[in-house]
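Participant: My questions all concern the structure below.
The values are calculated or read from the model by the stated rules, or taken from the named source; none is laboratory data. Every value quoted in this text rests on a predicted model; they were computed, and no experiment measured them. Here the Cβ positions follow ideal geometry from the backbone for every residue, glycine too, while neighbour counts run over all protein chains shown. Note: areas computed on protein heavy atoms with side chains; ligands, DNA, RNA excluded. Shrake-Rupley method; radii C 1.70, N 1.55, O 1.52, S 1.80 Å.
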Amino acid sequence: TAALPSIGKLQVTDQDGPQQTKANGKPGWAWVGAGVISSTWNVELAERHGELVGWESQLNEGAGWYGPAANTHRNTLSGRNFEYYSQDGVQGGKIVAAVVRGCVENGGRVYLKHTFLNDQETDRTGLATFCNEQAIREIYLKPFELGIREGKANGLMSSFNLIGLTTSASYATNIQLYTNEFGYKGATVTDFWSAGASGWNGYNMVRGLQFPLGTSSNNASAKLEGEWDADANVLKVGDTASYTQWYWARETAKRILYVHVNSAAFMDGFIPAQAVSAA
């Protein structure tokens, strides 16, 4: 996220991925796959893994971790199974919660991903994934729920697939489910580009507390257009005033800043490399 000198916010860098964090050209430690960690059934060890990732994020001069990945092994041929923990939602969820808790309590910011029902890597953009609500809640959503409720996840990463016929950037999943039901207080990243086939646009994204708001997008429909009218105290899209859009833009910014000041990016005397270079 960019620097905001007016409020003292430094620029910070997020890091990819679940098995090896890296930032600013510095590779991190290569961890074993999530399935191996989950197979230990050892939540203490999993939490220790999260703690070390939190420390490593600081050493690599970054704040956010694009991980851990928490989908359930629903299909043995899924191209992301190596990042996901288990075929059992509760067992995998307990491990996920421990990893998240260890990282967050050590000043890290996680992006628990890919929310949710991300069943394949090939052609994942716009794929319609169908499942009934009971199976979703008892199995496939459970690691994300436990990651938020027990691990206190402070970030999520949305998926490219459609859940049924609804985009994962929807208000229903991001506000009604994660925020209102699970108690999520973070902000969500979009996997850093938006996909038209998934029905994403800047208006869906901001109302789901998601960023970037089109600025890094390769899809024009994802861009959040508008101009602040200081006299009218409203965001205008063309000639139309949108108080709703302004509310969600402010709420998303507030969430990003809330996580920032409660992470290593603002604690323990940590100063990102960008700030040092600028000085």
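Participant: Using per-residue counts of other Cβ atoms within 10 Å, averaged over each peptide, order 37-46, 143-152 from highest down.
Facilitator: So the peptides 37-46, 143-152, ranked by packing, come out 143-152, 37-46.
Participant: So what's the gap between the Cα centers of the stretch 9-75 and the stretch 161-190, to the nearest angstrom?
Facilitator: Spelled out, the Cα-based centre of one part sits 22 Å from the other.
Participant: Taking the Cα centre of the stretch 1-50 as the origin, how large is its charge dipole in debye, to the nearest 20, when only Lys and Arg (+1) and Asp and Glu (-1) carry charge on their Cβ atoms? It would help to have the intermediate numbers written out before the result.
Facilitator: Details: 4 positive and 4 negative charges, 39 e Å.
Magnitude of the dipole: close to 180 debye.
Participant: Pairwise over distinct Cα atoms, reciprocal of the mean inverse distance: report the Kirkwood radius of the stretch 1-138 in Å, one decimal place. List each step's numbers first, then the result.
Facilitator: Values: mean 1/r = 0.0633 Å⁻¹.
It works out to 15.8 Å.
Participant: Here are some pairs, LYS9/LYS142; LYS22/LYS142; LYS9/LYS152; LYS113/LYS236; LYS152/LYS236; LYS9/LYS94; which of them have Cα atoms lying more than 30 Å apart in this structure?
Facilitator: Exceeds cut-off: LYS9/LYS142; LYS113/LYS236; LYS152/LYS236; LYS9/LYS94.
Participant: Still on this model: With all protein chains present, calculate the accessible area of TRP55 using a 1.4 Å probe and round the result to the nearest 10 Å².
Facilitator: Rounded to the nearest 10, that gives 130 Å².
Participant: Taking square-rooted eigenvalues a ≥ b ≥ c of the alpha carbon gyration tensor, is the stretch 66-125 rounded, prolate or oblate, where a/c under 1.5 means rounded and, failing that, a/b exceeding b/c means prolate?
Facilitator: oblate
Participant: Starting from the amide H of PHE211, placed 1.01 Å from N in the peptide plane, find each other amide H under 5 Å away whose residue is 5 or more places distant or on another chain.
Facilitator: THR188, VAL189, THR190
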